[in-house]
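The block underneath contains the structure these notes are about, expressed in structure tokens.
The values are calculated or read from the model by the stated rules, or taken from the named source; none is laboratory data. Remember, predicted model here, so these are calculated numbers, not experimental data. Neighbour counts are summed over all protein chains in view; Cβ atoms, including those assigned to glycine, are modelled from backbone coordinates with ideal geometry. All accessible areas refer to the heavy atoms of the entire protein, side chains included, with ligands and DNA or RNA removed. Shrake-Rupley method; radii C 1.70, N 1.55, O 1.52, S 1.80 Å.
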Amino acid sequence: QVQLVESGGGLVQAGGSLRLSCAASGIIYSIIDMGWYRQAPGNQRELVAVVASGGTTTYADAVKGRFTISRDNAKNTVYLQMNSLKPEDTAVYYCNAQLRRTYSGGYSNYWGQGTQVTVSS
């Protein structure tokens, strides 16, 4: 029932910027962590960045200093500002949320459908 919908992907030249958004909807009690993963052709899915409910952030070494993750708890939305993009950033980017649907329920992970980011040289 919970849905995560990404938007903002596209084609940019190296050195350019994109801003990804992911909005969670459905029956949600609380969202603990929200993050972004990516998967390039021939590669496994890898963590890009994650932000906890309190605002603590974690970044993959490959994107640190270039990407910024943030969230709007009132909107159940997470953002990924991507600057100084490189061709190696080309991948499908997936939104992830660790959340509780009810007060008594445990934590579960949900995934978006993915949005394509292509960086040309």
| request: Count, please, the residues in region 97-107 that happen to be part of a loop (DSSP other than H, G, I, E, B) and touching a Ser or Thr at 6+ places or on another chain (Cβ under 9 Å). | output: 2
| request: Give the residue that is farthest from Gln116 (Cα to Cα), with candidates limited to residues of region 19-35 that are touching a residue at least 60 places away in the same chain (Cβ under 8 Å) and in contact with an Asp or Glu (Cβ under 9 Å, 6 or more places away or on another chain). | output: Cys22
| message | Residues that are within 16 Å of Val5 (Cα to Cα), surrounded by 16 or more Cβ atoms within 10 Å (Cβ to Cβ) and at pLDDT 95 or above: does region 48-63 have at least one? | response | no
| Checking Thr58 against (1) more than 18 Å from Gly112 (Cβ to Cβ); (2) in contact with a Phe, Trp or Tyr (Cβ under 7 Å, 6 or more places away or on another chain); (3) among the hydroxyl-bearing types (Ser, Thr, Tyr), which single condition isn't satisfied? | (2)
| Leu80 versus (1) surrounded by fewer than 19 Cβ atoms within 10 Å (Cβ to Cβ); (2) in contact (Cβ under 8 Å) with a residue 40 or more places away in the chain; (3) part of a strand (DSSP E or B): which is the lone unmet condition? | (1)
| Restricting attention to region 31-47, and to residues there that are over 12 Å from the mean Cα position of the chain (by Cα) and open to solvent by less than 40 Å² (accessible area, probe 1.4 Å), which single residue is farthest from Gln98 (Cα to Cα)? | Ala40
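Yes or no, residue by residue, for (1) of a type in the set (Val, Ile, Thr); (2) in contact with a Cys (Cβ under 7 Å, 6 or more places away or on another chain); (3) in a strand (DSSP E or B); (4) in contact (Cβ under 8 Å) with a residue 12 or more places away in the chain:
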residue: Ser84; (1), (2), (3), (4): no, no, no, yes
residue: Glu88; (1), (2), (3), (4): no, no, no, yes
residue: Cys95; (1), (2), (3), (4): no, yes, yes, yes
residue: Asn109; (1), (2), (3), (4): no, no, yes, yes
| field | Considering residues of region 1-21 that are within 16 Å of the chain's Cα centre (by Cα), under 16 Å from Val63 (Cβ atoms) and not polar (S, T, N, Q) only, the residue least open to solvent (accessible area, probe 1.4 Å) | value | Leu20
